[in-house]
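A.B. asks: Quick one: the structure is below, and I'll ask about it shortly.
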Amino acid sequence: PVHNSAPLGTKSLHVEETDNISCTEEKYISKLAAFVRIKDALMSQEGEFKKIVSDLRSISDQKEQTASNIAESFETFKQKIAGNSVDSRSGKPLHPSLLSEKITIEKKGNSVVEMLRLKNIKLRLTLKRLESILRSKEEVAEGLHVLDYEQLQAENHKLRKNSKDREEELNQVKKKHTFYVKLIDSTSGKLQHETKQRNKIEHLFEEAKETTLNERCFLTRLKKEHDEIVKSNLALKHDEGMFRSELLF
């Protein structure tokens, strides 16, 4: 039984790893199929959009032709009315050069307005196209996000492990920091005590030095007084000798 337990454990681990791999493959195949479906739907929508754009372009050409015909008719009508117009002050017909100048100015204004309208239409179409592309990219990105989910999980697991390792290193650094702070505090206390003792000894030394100087001064004064006394005694002895000599005579 002892010899058979290890192979059974190894087999169970191998079976568990095989099941995990199979489960991961099934998830990957499922997500890949979802991505393919999204891509096919996107291509189908793109085809529909192209057909819609073609139809709209054909309708736009027809309406443009109709608008051009109406504009030409309206221009002819305006020229006819302008030819019969008169000056409000003089009551005379307007000069052809003045009419031509006003018509030219109006045409230029109309061309500018038409150009701005076309530019506005192009910008709107560009905006719609960009919005459609953005939505398509968001859908594709969502599909890719689903496919990358397993990889992100593995990376997150690795990052968590690295984070735990860094936390352990940080705890060790904190312990060392605490130890050195305590050591510095203890050394600082001892240093302050030694400084106080040294200051005390220096103060005692200064007092002893001052006492010694005072005693030296005192001894010097005593010696001087002693010398004076000896000198005085010698003078007295000399005077006494002289006095005795005089008595002998």
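What follows is calculated from the coordinates using simple rules that are stated; it is not laboratory data. Predicted, not measured: the structure shown is a model, and the values here were computed from it. No Cβ is skipped: glycine too gets one built from the backbone with ideal geometry, and neighbour counts run over all protein chains shown.
A.B. asks: Tally Lys/Arg at +1 and Asp/Glu at -1 over every other residue whose Cβ is under 13 Å from the Cβ of ILE229; what's the total?
C.D. replies: Numbers: positive: ARG221, LYS223, LYS224, LYS231, LYS237; negative: GLU225, ASP227, GLU228.
Once all neighbours under 13 Å are counted, the net charge is +2.
A.B. asks: Let me ask you something else. Quick one: of LYS102/LYS122; LYS51/LYS128; LYS78/LYS107; LYS50/LYS128, which pairs are farther than 22 Å apart, Cα to Cα? Present the calculation step by step, with values, prior to reporting the outcome.
C.D. replies: Working: LYS102/LYS122 30 Å; LYS51/LYS128 15 Å; LYS78/LYS107 12 Å; LYS50/LYS128 13 Å.
The answer is LYS102/LYS122.
A.B. asks: If I take R0 = 45 Å and measure r between the Cβ atoms of GLN151 and ARG57 in this structure, what FRET efficiency does the formula 1/(1 + (r/R0)^6) give, to the nearest 0.05? Display every interim value, and only then the final one.
C.D. replies: Details: r = 44 Å, r/R0 = 0.98.
Once rounded, the FRET efficiency stands at 0.55.
A.B. asks: Under 29 Å Cα to Cα from LYS174, which lysines show up? Leave out anything in the same chain fewer than 8 places away.
C.D. replies: List returned: LYS158, LYS161, LYS164, LYS182, LYS190.
A.B. asks: Apply 1/(1 + (r/R0)^6) to the Cβ-Cβ distance of LEU159 and LYS190, taking R0 = 51 Å, and write down the FRET efficiency to the nearest 0.05. Please report the intermediate quantities before stating the final value.
C.D. replies: Details: r = 46 Å, r/R0 = 0.91.
Step by step, r from the Cβ atoms, then E = 0.65.
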